[in-house]
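> Shown below is the structure under consideration.
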Amino acid sequence: MTETESRAGEDMSRAQTPATEMKSAMAGFLKEFSTFQGEVKHALQHQEERLTMLHHKTMTYGRPALSAAVEQDAPHQKAFDAYVRSGDDDGLRGLTLEGKAMSTAVAADGGYLVDPKTADAIRSLLLSTSSLRAVASVVQVEATSFDVLMDRSEVGSGWATEAAATVETATPAIERISIKLHELSAMPKASQRLLDDSAFDVEGWLAGKIATRFTRAEAAAFVNGDGVDKPKGILLPAKVANGSWVWGSLGYVPTGAAADFATSNPADCIINLVYALGADYRANGTFVMNSKTAGAVRKMKDADGRFLWLDGLQQGEPARLMGYAVLICEDMPDVAANAYPIAFGDFAAGYTIAERPDLRILRDPFSAKPHVLFYATKRVGGDITDYAAIKLLKVATS
């Protein structure tokens with residue numbers, strides 16, 4: 001082989017065929033794709049680790065729930081809580097309480113208006129557990145008394161002829177009934193150590209104590225109050241037989257027995273009591289009695305053997321006696337000789353409760369050491385404003 005032919009063979013071996021070039025290009029592509037795939041897997045793994053870390057950070061195990069609403073009363077709450085626990089009134093002095101008929105402080109006796117949240121808690125308990133508040137007329141006043149104007153007379157009238165002179169008729173008269181507001185107070189106490197315990201619900205305890213005391217006192221006064229430093233109750237006025245009723249007294253219907261309901265036809269006295277009330281008042285009539293009397297009345301039947309008492313068909317609906325609502329008021333007297341165990345009437349027209357809308361609390365850490373006294377006051381009054389709107393059942397023969 002010549003030298004020329006040898007060099008030509010070496011050049012052909014060095015030169016690449018098309019198949020070799022394709023194979024080399026594919027190997028390079030696969031290598032680059034593998035590198036890209038590794039980078040993508042690394043990026044995805046890094047992203048997964050980051051999401052896992054964020055998930056653990058946002059887990060709510062053991063974390064307090066966040067309020068969905070803005071606590072508008074938080075400054076008042078904190079200031080009042082500081083005053084109750086330690087007597088620090090600096091926060092209360094710097095606050096402007098927003099609310100009708102409320103101010104930052106009362107007279108210089110050291111008392112302060114209860115913060116709006118606590119006052120609402122007390123009011124809700126009064127409305128849900130009080131007696132005559134559920135059916136009577138309740139008004140809020142900013143004075144020492146509340147006057148009710150009653151027009152209980154009618155304009156005179158007569159038939160006139162064409163030629164005869166017109167005769168003067170009677171002119172109606174207006175009567176004023178004044179309801180004086182009296183001060184209702186409660187004074188629970190707690191140890192200073194208990195107040196210092198941050199886990200103790202001071203406001204809930206205080207609201208419960210005051211509401212219980214106020215509820216019992218009001219319920220008793222609205223029924224049996226004598227008007228001396230307390231409201232006048234519905235049983236205070238003079239009682240007369242309904243046939244002899246006059247304004248200023250309450251008419252009654254007898255049961256027909258000296259010390260109980262009549263042995264025969266005991267339900268007749270209930271029917272007589274209902275129809276002793278005027279038709280206009282009877283449309284909004286309500287029975288008021290205690291649980292013991294209700295237990296005796298619900299056994300009564302009419303001549304056809306049907307019970308006069310019907311329980312409410314739905315939750316929250318009051319029981320019905322002859323179609324009228326029944327209010328259980330434990331301060332009404334039991335069935336006994338000459339007692340008045342049942343009242344029936346339109347109490348929204350017949351009895352008015354007047355009260356001031358503010359509650360006041362005074363903290364006294366000195367009088368009963370080591371306890372702290374909380375002197376809470378509320379002004380309320382009540383009286384009969386329409387004597388024709390209420391009738392009573394008397395346990396008597398006549």
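> From the cross-link list 239/292; 189/209; 180/209, which pairs have alpha carbons spaced over 19 Å apart?
Where the Cα-Cα span goes over 19 Å, the pairs concerned are 239/292; 180/209.
> Per residue of the stretch 251-268, in order, report the coupling 6.51 cos²θ - 1.76 cosθ + 1.60 (Karplus, θ = phi - 60°) as ³J(HN,Hα) in whole Hz, putting x for Gly and Pro.
x, 10, 10, x, 7, x, 9, 6, 9, 6, 6, 4, 5, 9, 6, x, 7, 4
> Calculate the spin-label point distance for residue 78 paired with residue 249, positioning each point 7 Å from the Cα along the beta-carbon direction, and give it in nanometres.
Output for this residue pair reads 6.5 nm.
> Let me ask something else about it. Could you check the spin-label model distance between residue 236 and residue 152? Points 7 Å from the Cα along Cα→Cβ, value in nm.
1.5 nm
> So which chymotrypsin sites (Phe, Trp or Tyr not before Pro) in the stretch 231-333 end up in coil per DSSP with only 16 or fewer other C-beta atoms within 10 Å?
Within the stretch 231-333, the qualifying chymotrypsin sites (Phe, Trp or Tyr not before Pro) (loop, at most 16 other Cβ atoms within 10 Å) are 247.
> Could you tell me the extents of the stretch 273-398's C-alpha atoms along the three principal axes, largest first, rounded to whole Å?
Principal axes ranked by extent give 68, 36, 30 Å for the Cα atoms.
> What does a probe at residue 216 reach in the stretch 350-376, counting residues whose amide N is under 16 Å from the point 7 Å along Cα→Cβ?
Answer for this model: 376.
> According to a simple spin-label model (label point 7 Å from Cα along Cα-to-Cβ), what is the distance in nm between residue 25 and residue 143?
Reported label-point gap for residue 143 and residue 25 is 10.6 nm.
> Sort the stretch 239-326 into rounded, prolate or oblate with this rule: let a ≥ b ≥ c be the square roots of the eigenvalues of the Cα gyration tensor; rounded if a/c is under 1.5, and if a/c is not under 1.5, prolate when a/b is larger than b/c, oblate otherwise.
oblate
> Inverting the mean 1/r over all pairs of different Cα atoms, compute the Kirkwood radius of the stretch 177-307 and quote it in Å.
It is 19.0 Å.
> In what sequence, highest mean first, do 144-151, 335-342 appear when ranked by Cβ atoms within 10 angstrom?
My ranking of the peptides, most packed first, is 335-342, 144-151.
We did not get these values from a lab; they are worked out from the coordinates using the rules stated. Because the structure is a prediction, the values reported are computed rather than measured. Quick reminder, even Gly has a Cβ in these numbers, built from the backbone with ideal geometry, and neighbours come from all protein chains shown.
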